[in-house]
Every structure is written in C-alpha cells, then in structure tokens.
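Enquirer: One structure is given below, represented as structure tokens, and several questions about it will come after.
The values are calculated or read from the model by the stated rules, or taken from the named source; none is laboratory data. The structure presented is a predicted model; accordingly, all values stated were derived computationally and were not measured. Because the Cβ atoms are built from the backbone with ideal geometry, glycine has one as well, and the counts that use them run over all protein chains shown.
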Amino acid sequence: MESLDKKKILLIISGGISAYKTLDLIRNLKKRECEIKTILTESAKEFVTSLSITSLSQNKVYENHFDVNNELEMDHITLSRWSDIILIAPTTANLLSRLANGSADDFISTVVSASNKDIFLVPAMNVEMWNKPATKENIKKLHSYNYKFIGPDSGDLACGEVGEGKMSSINEIEKTLELYFIKKNNSFKNKKVLVTAGPTKEYIDPIRYISNESSGKQGYEIAKKLLDAGFDTTLVTGPTNINYPKELKVIKVIAAEEMLQACQKLLPVNIAICTAAVVDFSPEYKKEKLKKITLLIMI
Ligand SMILES: Cc1cc2nc3c(=O)[nH]c(=O)nc-3n(C[C@H](O)[C@H](O)[C@H](O)COP(=O)(O)O)c2cc1C
C-alpha cells in the first residue's frame with residue numbers, strides 16, 4: 001500500500017516560534033526513508049539553523065533568494081517537479097497572506113507558484129493573528145485555491161496566551177500525510193461514508209426556534225479526514241459557519257426531519273458516523289409570529 005515511506009518532500013520553514021518542531025518532524029520523516037530538501041525564509045533562520053537541518057535531513061538547505069548555484073543545480077521549477085509534495089511548516093500569517101495574494105517575488109513564492117504538486121500548509125501563530133479578518137480571508141482564498149491545511153490546534157500557545165493557532169503535532173502532520181498518500185492510491189474510493197454534524201434548528205414560528213450549542217467541528221473534522229483518506233464522503237450538516245474543502249460533498253439542512261430525509265436518501269452506506277446534535281423536540285410550527293403569552297403557555 002502506498003504510504004509516506006520513501007517520499008520526496010520539499011519542506012519550507014517560515015519564521016514562527018514553532019519552527020523548532022520541524023527538526024523532530026525531519027527526524028521522523030528520515031526514519032521513514034523520506035528524502036527532504038528544505039527552504040528557509042530569512043525569518044526562519046532566526047529560529048532554526050541551516051546547519052541543524054542539513055545534519056538531520058542529510059540534504060541541502062536552500063535560502064529564500066535566487067542564487068546562480070541553486071539555479072544551476074536545481075532551479076525553482078525543478079525543485080517542485082522533484083518533490084512528491086510541498087509541506088510548509090510552520091506557515092506564518094505573513095506567508096499565508098503572500099500565498100493568498102499569489103506573490104512570486106522571492107525563491108519560495110516562485111517555487112510555490114511554479115509548483116504542480118499538492119501543497120500542505122501548517123499554520124501556527126498567536127490566537128489574535130489567527131482570528132484577524134485578513135487572516136480569515138486569506139485562509140478562505142487558500143482553501144479555494146486547493147491548498148491543504150493541517151491544523152492549527154487550540155491550546156496553550158508559545159506566546160503564553162490560550163486559543164486557536166497552535167501548530168499541529170508532528171504526529172498529526174505525519175498521519176495527515178500518510179492518509180494523503182493512501183488516498184492517492186485510491187484504496188477507499190468505493191466505500192461510501194455518511195457523516196452528520198452540527199445542531200438542528202426547530203422553528204416554532206418564522207423567527208423563533210429551538211436549537212443547541214453544537215459547533216459541528218467534530219463532524220467536519222471527521223468528514224475531512226475520511227475524505228483525505230479517499231473515502232466517498234458526504235457530510236449532512238445543520239447550520240454552522242465552518243469552512244470545508246470544496247471536494248467534500250456537503251448537504252446543508254436546518255431541521256431534524258430534513259436531516260433524517262437527507263440521510264435516508266444517501267443509504268445504503270458502508271459507514272455512518274452520526275455526530276450531529278439533533279434537537280429531540282419538534283414544536284408544532286406556526287406560520288404567524290406567536291404572541292409572547294402564547295409562547296409562554298407553550299413552554
Ligand atoms: C519571537 C517571535 C515569534 C514569532 N512567532 C510567530 C508565529 O508563531 N507565527 C507567525 O505567523 N509569526 C510569528 N512571528 C512573526 C514573523 O516572524 C514575522 O511576521 C516574519 O515577517 C515572518 O516572515 P516569513 O513569513 O517570511 O517567515 C514571530 C516573531 C517573533 C519575533
């Protein structure tokens with residue numbers, strides 16, 4: 001079975017505090033006999049050294065500028081042709097922005113824009129940077145350009161704050177890449193999977209409804225992983241604001257009854273994973289907005 005073993009990985013390291021974690025990643029990938037070539041941004045050189053990366057990867061480390069020797073040996077186009085995938089870990093907010101804008105004004109951005117390979121981004125940054133509208137907009141664009149994302153996770157951040165923006169663990173990165181190569185082999189393409197996610201909304205009248213606090217995140221993550229593994233995956237989801245890859249088949253519903261019907265239409269499936277928090281009470285729907293007193297009597 002196709003796996004991560006012996007793959008050629010072009011690793012780009014940008015200048016975030018989590019850059020040190022990529023040293024362990026390189027060690028693990030080397031144990032799997034991967035061949036790794038690395039490019040460092042100028043900022044990344046403040047966090048990790050070319051010397052440690054060359055020693056661990058037993059391969060060349062490229063600097064982020066055009067260089068006659070580099071171009072002679074392996075130019076910006078050949079480098080992406082050589083690789084099986086491009087992995088950018090960590091990906092800074094700055095690099096996300098540059099990629100989202102299609103920059104091609106240094107070695108890394110030119111390699112990426114000339115690439116014909118799948119590109120995995122592993123964002124890592126402070127929670128406020130991650131939540132900035134500009135970053136969110138960049139993420140949305142990059143999803144639509146087919147970049148693949150690993151993380152970020154939530155938790156204690158290196159800056160001392162807590163929230164979303166933590167770089168995914170080395171284990172998680174390896175697992176995602178492993179699944180990617182399994183999917184390329186198409187082993188699960190004939191297996192149908194149904195995943196349900198999110199809350200449902202049961203309308204009482206045109207403006208009032210009963211629902212719950214389900215975010216839907218768990219179901220979306222499961223669906224994305226199954227899709228990455230090559231399963232023929234359909235997500236049936238209640239109302240959420242979660243982004244999803246455009247290759248994922250998504251059926252959006254509102255009420256529990258709609259969710260039931262959407263799921264029944266998809267049967268038979270090989271696997272069903274039901275994470276949706278379906279509201280277990282359906283009030284009788286009134287076409288006119290109810291008076292407060294009527295509502296109180298209902299409750
Ligand atoms: C100590 C320190 C830690 C930083 N950590 C991060 C980080 O985790 N994520 C991030 O997006 N930027 C971080 N930055 C800011 C980037 O280094 C800065 O935006 C830089 O311009 C990124 O350049 P690059 O994208 O070319 O690597 C950090 C800066 C400093 C000084």
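Enquirer: Considering each of Lys175, Lys148, Lys117 in turn, give the residue that is without any contact (Cβ under 8 Å) to a residue 24 or more places away in the chain, away from the ligand (no atom under 14 Å from the Cβ), under 16 Å from Ile88 (Cα atoms) and surrounded by 14 or more Cβ atoms within 10 Å (Cβ to Cβ).
Expert: The unique qualifying residue is Lys175.
Enquirer: On to the next question. Take the stretch 43-81 and flag every residue that is within 16 Å of the ligand (Cβ to nearest atom), charged (D, E, K, R) and modelled with pLDDT under 90.
Expert: Glu63, the sole residue that qualifies.
Enquirer: For Thr78, all conditions in the list (1) under 18 Å from Lys60 (Cα atoms); (2) crowded, with 20+ Cβ neighbours inside 10 Å hold save one; what is the number of the exception?
Expert: Result: Thr78 fails condition (2) only.
Enquirer: All but one of (1) among the small types (Gly, Ala, Ser); (2) in contact with a helix residue (DSSP H, G or I) (Cβ under 6 Å, 6 or more places away or on another chain); (3) over 18 Å from Asn146 (Cα atoms); (4) more than 16 Å from the ligand (Cβ to nearest atom) hold for Gly15, so report the exception by its number.
Expert: Here Gly15 clears every test but (4).
Enquirer: Applying the selection to the stretch 209-229, what residues are buried (at least 20 other Cβ atoms within 10 Å of the Cβ) and of a type in the set (D, E, K, R)?
Expert: Across the stretch 209-229, the qualifying residues are Lys224, Asp228.
Enquirer: Within the stretch 26-39, track down each residue that is crowded, with 24+ Cβ neighbours inside 10 Å and within 16 Å of the ligand (Cβ to nearest atom).
Expert: Correct list: Ile39 only.
Enquirer: Sticking with this one: How do the pairs read when you match residues in the stretch 25-54 that are under 20 Å from Glu178 (Cβ atoms) with residues anywhere that are in a helix (DSSP H, G or I) and hydroxyl-bearing (Ser, Thr, Tyr), using Cβ under 7 Å and keeping only pairs 6 or more apart or on different chains?
Expert: These pairs meet every condition: Ile26/Ser57; Lys30/Ser57; Ile36/Ser57.
Enquirer: Still on this model: Regarding the stretch 121-130, can at least one residue be identified that is among the polar types (S, T, N, Q) and within 14 Å of the ligand (Cβ to nearest atom)?
Expert: Yes, that holds for at least one residue.
Enquirer: What are the pairs with Cβ atoms under 6 angstrom where one residue, in the stretch 85-102, is in a helix (DSSP H, G or I) and charged (D, E, K, R) and the other, located anywhere, is at pLDDT below 95 and more than 13 Å from the ligand (Cβ to nearest atom)? Sequence gap at least six, or different chains.
Expert: none
Enquirer: Taking Tyr203, is it without any contact (Cβ under 8 Å) to a residue 24 or more places away in the chain, outside the structural domain of Gly102 (by TED's automatic domain parsing) and in contact with a strand residue (DSSP E or B) (Cβ under 7 Å, 6 or more places away or on another chain)?
Expert: Against the criterion (without any contact (Cβ under 8 Å) to a residue 24 or more places away in the chain, outside the structural domain of Gly102 (by TED's automatic domain parsing) and in contact with a strand residue (DSSP E or B) (Cβ under 7 Å, 6 or more places away or on another chain)), Tyr203 does not qualify.
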